[in-house]
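Since the structure comes first, as structure tokens, the remarks are kept for the end.
The values are calculated or read from the model by the stated rules, or taken from the named source; none is laboratory data. This structure is a prediction, so every number in the text was calculated from the model and none was measured. Glycine gets a Cβ as well: all are built from the backbone with ideal geometry, and neighbour counts include every protein chain shown. Ligands, DNA and RNA are excluded from the accessible area calculation, which covers all protein heavy atoms including side chains. Shrake-Rupley method; radii C 1.70, N 1.55, O 1.52, S 1.80 Å.
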Amino acid sequence: MAQIEFQSVSKRYADGLPLAVNSVSLDIAAGEFCVFVGPSGCGKSTLLRMVAGLEDISAGELRIAGQRMNEVEPARRGVAMVFQSYALYPHMSVFENMAFGLRVNGVADAEVQRKVREAAAILQLSPLLERMPRALSGGQRQRVAIGRAIVKQPRVFLFDEPLSNLDAALRAQTRIEIARLHRELGSASMVYVTHDQVEAMTLAQKIVLLHAGERIASHGSVAQVGTPMDLYHRPASLFVAEFIGSPRINVLPGRLHGHRAGEATVELDGQALALALAVDATRLAPGSAVSVAVRPEHVRLGAGSGGAAGATLAGRVSHLEQLGDSALLYLELAGGALLTARVEGHASARVGEVVPVSLAAPDLHLFDAEGQACRRCVALPD
Ligand code: ADP
Ligand code: MG
């Protein structure tokens, strides 16, 4: 039995407003780390707040540990939530901030002491228990907010953009601490909201990517659910492909020449290039417009081995960024399409120079005119 089950859960804040959450169905297992990610306004916080009981569910059913939660009050759901804003009590010490919820619930003092000290040890807050929040750094305050959730021993932890107020270095460090916490807490599920695809990729066992756009019918619905590697290697749509990965995946206009035995030949950048791609042949008619997408890290400088396994194109370097460990080359192809390439180490190319770039068929993603993936499933790397 899944720990959390969403069955066609929808949310409409008021009549006349579009659905903020659009028929989401989803299972989250006990102990699983699930990340809701997507552009601003896609319904991440709304979805999380419905789990917490802070928003009513307009339609559908939410279950925790098999039990319907729609009408259950927040305090009885066995969940604890950590907000971006920390929401600490400014006039209480770290210890009292963490103890407050327990004391309100009438937990005996010895038990309060034990639980708070245990949580403080996990979060490396033990030396700070007598400090006031104003004497803490942002990262320490966020750890206190997490500690307040831990002492409740919830079956589900809910995080809403908990790292957004931290600077980049602290964000990376706190991200690692949250992953460690998840390992140490074992059977508690974590549901984590972020707009940052790097946080989603690094923390999640399961990513739920939501559509956004008030004017599109799919607003607030699930674009794809899968492991980080599923979304990176097998994006179900152009929207997913473009959301995951940095720099953003290249999208080139193409046309399908035809396919035989499940392998498609595609015209790319105005050139007739035979790219043997494994496609779902039922989805595409010869002559139809397609998008061929390739991640910058999969564009190789230099001519490829040729043949049906890939293509070699010529690109004029329009701009170059040396990052030290790698370089980004912004290329303009003969047909006018733009292509970004990321190469390891130092790039010796110069702006204005025309360089050969090769694309290997296994690295290419093919989408139909509606942006739906047409590639047959390929085996993921181990
Ligand atoms: P996210 O967390 O992904 O940025 P939200 O869940 O906060 O998105 O919001 C989803 C949609 O619902 C947005 O269009 C937002 O404007 C709308 N929304 C959020 N809260 C309310 C509210 N209290 N009343 C009306 N609309 C809301
Ligand atoms: Mg939000």
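State all residues of the stretch 183-225 that are of a type in the set (Ser, Thr, Tyr), within 21 Å of Glu5 (Cβ to Cβ) and surrounded by fewer than 22 Cβ atoms within 10 Å (Cβ to Cβ); if no residue qualifies, say none. Please lay out each step first, then the result.
First, pick out the residues of the stretch 183-225 that are of a type in the set (Ser, Thr, Tyr): 187, 189, 192, 194, 202, 218, 221.
Right, trim to within 21 Å of Glu5 (Cβ to Cβ) and you get 187, 189, 192, 221.
Across the stretch 183-225, the qualifying residues are Ser187, Ser221.
The set of residues in the stretch 6-31 being in contact (Cβ under 8 Å) with a residue 60 or more places away in the chain and open to solvent by 30 Å² or more (accessible area, probe 1.4 Å) consists of Pro18, Leu19, Asn22, Ser23, Ser25, Ala29, Ala30.
Answer yes or no as to whether Ala200 is within 16 Å of ligand 1 (Cβ to nearest atom) and of a type in the set (A, V, I, L, M). Can you show your working first?
Details: within 16 Å of ligand 1 (Cβ to nearest atom): yes; of a type in the set (A, V, I, L, M): yes.
When the stated conditions are applied, Ala200 passes them.
Identify the residue in the stretch 339-363 that is open to solvent by 50 Å² or more (accessible area, probe 1.4 Å) and within 26 Å of the chain's Cα centre (by Cα) and, among all such residues, is nearest to Ala293 (Cα to Cα).
Step one: filter the stretch 339-363 for residues open to solvent by 50 Å² or more (accessible area, probe 1.4 Å), giving 342, 344, 346, 348, 350-351, 353-354, 356, 362.
Then keep just the ones that are within 26 Å of the chain's Cα centre (by Cα); that gives 342, 344, 362.
On the way: Arg342: 15, Glu344: 20, Pro362: 11 Å.
Applying the filter and picking the extreme gives Pro362.
Looking across the stretch 195-251, the residues that are under 18 Å from Ala20 (Cα atoms) and part of a loop (DSSP other than H, G, I, E, B) come down to His195, His211, Ala212, Gly213, Glu214, Arg215, Ile216, Ala217, Ser218, His219, Gly220, Ser221. Would you confirm whether any residue within the stretch 166-181 is more than 22 Å from Glu5 (Cβ to Cβ), open to solvent by less than 40 Å² (accessible area, probe 1.4 Å) and within 16 Å of ligand 2 (Cβ to nearest atom)? No: the stretch 166-181 contains no residue that is more than 22 Å from Glu5 (Cβ to Cβ), open to solvent by less than 40 Å² (accessible area, probe 1.4 Å) and within 16 Å of ligand 2 (Cβ to nearest atom).
Of the residues that sit in the stretch 57-75 and are in contact (Cβ under 8 Å) with a residue 40 or more places away in the chain and open to solvent by 10 Å² or more (accessible area, probe 1.4 Å), which one is farthest from ligand 2 (Cβ to nearest atom)?
Just the residues of the stretch 57-75 that are in contact (Cβ under 8 Å) with a residue 40 or more places away in the chain, to begin with: 57-66.
In the following step, the residues that additionally are open to solvent by 10 Å² or more (accessible area, probe 1.4 Å) were identified as 57-61, 63, 65-66.
On the way: Ile57: 17, Ser58: 18, Ala59: 21, Gly60: 20, Glu61: 23, Arg63: 23, Ala65: 26, Gly66: 28 Å.
Applying the filter and picking the extreme gives Gly66.
I need a count of the residues in the stretch 310-323 that are open to solvent by less than 60 Å² (accessible area, probe 1.4 Å) and either of a type outside the set (S, T, N, Q) or outside any strand (DSSP E or B) (or both). Even if it seems obvious, please write down each step before you answer.
Here is the first cut: in the stretch 310-323, the residues open to solvent by less than 60 Å² (accessible area, probe 1.4 Å) are 310-315, 317, 320.
From what's left, either of a type outside the set (S, T, N, Q) or outside any strand (DSSP E or B) (or both): 310-311, 313-315, 317, 320.
Qualifying residue count for the region: 7.
Residues that are without any contact (Cβ under 8 Å) to a residue 40 or more places away in the chain and not in a loop (DSSP other than H, G, I, E, B) were ranked within the stretch 276-296; the one that is surrounded by the fewest Cβ atoms within 10 Å (Cβ to Cβ) is Thr282.
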